[in-house]
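Notes to accompany the following structure.
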Amino acid sequence: MGNRTIVTGASGAMGEAAVRALARDGRSVLMACRNLEKAALVRSRIIADLPEADISIGRLDLASLSSVCTFVGGLGQEPIEALFNNAGVISRSYSLTTDGLENTFAVNYFGPFLLTRLLLPKMEPDARIVNMVSLTCRYVSIDESSLRPKEKDFSQLGTYARSKLALLRFSRELARRNPGLRINLADPGIVNSNMIDLGHWFDPLADALFKPFCKSPENGVQPALRALAADGGGRYFKGKGSEAIPARFIDPSLDGRLWDETAGLVSYI
């Protein structure tokens, strides 16, 4: 990829692994991160190993729609070849952002929705977009009302799963509206990272018994890297392979309704 690849959440464990792999391949990478200090440390580690790496940093807080707009507005005219929507959060409790959106949905869905759509004019017609989803998507369902859960409807894992399912459905509708783009999904599986620290009393027990069997960030990001390199779109990358998006996720009518509902809630576009 000769032009820029944007990686959101690039200061996290899998984000760092992705940036390192992309830089090793000679790609220009823009780390889109909320915490610039943490991002600078990650960049320094990678540059120490890969002195010729072309890595820059931009501030992006996906929980803030205005931050998304500011980030895109500051990108300049250099084309974007690929976008990896990697950032994600599993909120421990119910909270609303300054935009009045539930925090998990804001970071995992509304922010990427707005970011991707604002970036489209800067992308090549056949640009690659990879959205990180989750195996938890298969255990939940969504409709338009799911996008703004009330506190009584919130659950840590359930809300996370629905936000990732919304991102999956956005990916399908985005591909339908932009057939030239190469849009794929990536499922990392269960990765040993801060994402699975849920803030419960049993976390230390899980650390001892469960985490040793989780994938490393370097292994967990492999499906996404293969998705970024894919020649086509419409595939669900997981493990060491890929498949067509499973039939249980095929509902064009729902995809369109969720898109319209989201566009109405995201008032910046």
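The values are calculated or read from the model by the stated rules, or taken from the named source; none is laboratory data. All figures in this text were calculated on a predicted structure; none of them were measured in a lab. Note that we place each Cβ from the backbone using ideal geometry, even for glycine, and neighbour counts take in every protein chain shown. Surface accessibility is based on the protein's heavy atoms, side chains included, excluding ligands, DNA and RNA. Shrake-Rupley method; radii C 1.70, N 1.55, O 1.52, S 1.80 Å.
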Residue count, segment 230-243 (criterion: open to solvent by less than 60 Å² (accessible area, probe 1.4 Å) and at pLDDT below 95): 1
Residue match in segment 73-80 (condition: open to solvent by less than 50 Å² (accessible area, probe 1.4 Å) and over 22 Å from residue 224 (Cβ atoms)): yes
Condition met for residue 59 (charged (D, E, K, R) and surrounded by 16 or more Cβ atoms within 10 Å (Cβ to Cβ)): no
Residues of segment 24-47 satisfying the condition of being touching a helix residue (DSSP H, G or I) at 6+ places or on another chain (Cβ under 6 Å) and either open to solvent by 40 Å² or more (accessible area, probe 1.4 Å) or under 16 Å from residue 228 (Cα atoms) (or both): 29, 31
Set 143, 61: member being acidic (Asp, Glu) and within 24 Å of residue 187 (Cβ to Cβ): 143
Test: residue in segment 12-22 that is in a strand (DSSP E or B), touching a strand residue (DSSP E or B) at 6+ places or on another chain (Cβ under 9 Å) and under 23 Å from residue 120 (Cα atoms): no
Selection within segment 51-67 - outside any loop (DSSP other than H, G, I, E, B) and closer than 22 Å to residue 94 by Cα: 65, 66, 67
Residue 104, sole failed condition from (1) open to solvent by 10 Å² or more (accessible area, probe 1.4 Å); (2) of a type in the set (S, T, N, Q); (3) within 11 Å of residue 63 (Cβ to Cβ): (1)
Which listed residue is surrounded by fewer than 22 Cβ atoms within 10 Å (Cβ to Cβ) and in contact (Cβ under 8 Å) with a residue 12 or more places away in the chain, from 169, 138: 138
Where residue 70 falls short, out of the listed (1) open to solvent by 40 Å² or more (accessible area, probe 1.4 Å); (2) among the polar types (S, T, N, Q); (3) in contact (Cβ under 8 Å) with a residue 24 or more places away in the chain: (3)
Tally, over segment 68-90, of residues that are in a loop (DSSP other than H, G, I, E, B) and within 17 Å of the chain's Cα centre (by Cα): 5
Condition broken by residue 162, with the remaining ones in (1) at pLDDT 95 or above; (2) out of contact with any Ser or Thr (no Cβ under 9 Å at 6 or more places or on another chain); (3) open to solvent by 30 Å² or more (accessible area, probe 1.4 Å) satisfied: (2)
Residue list for segment 89-119, restricted to those being under 23 Å from residue 221 (Cβ atoms) and touching a Pro at 6+ places or on another chain (Cβ under 9 Å): 104
Flag for residue 218 being surrounded by fewer than 15 Cβ atoms within 10 Å (Cβ to Cβ) and under 30 Å from residue 20 (Cα atoms): no
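Per-residue answers, yes or no, for (1) closer than 21 Å to residue 32 by Cα; (2) in a helix (DSSP H, G or I):
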site	(1), (2)
92	no, no
104	yes, yes
117	yes, yes
142	no, no
158	no, yes
172	no, yes
184	yes, no
Some residue of segment 133-155 being in contact with a helix residue (DSSP H, G or I) (Cβ under 6 Å, 6 or more places away or on another chain), within 30 Å of residue 26 (Cα to Cα) and not hydroxyl-bearing (Ser, Thr, Tyr): yes
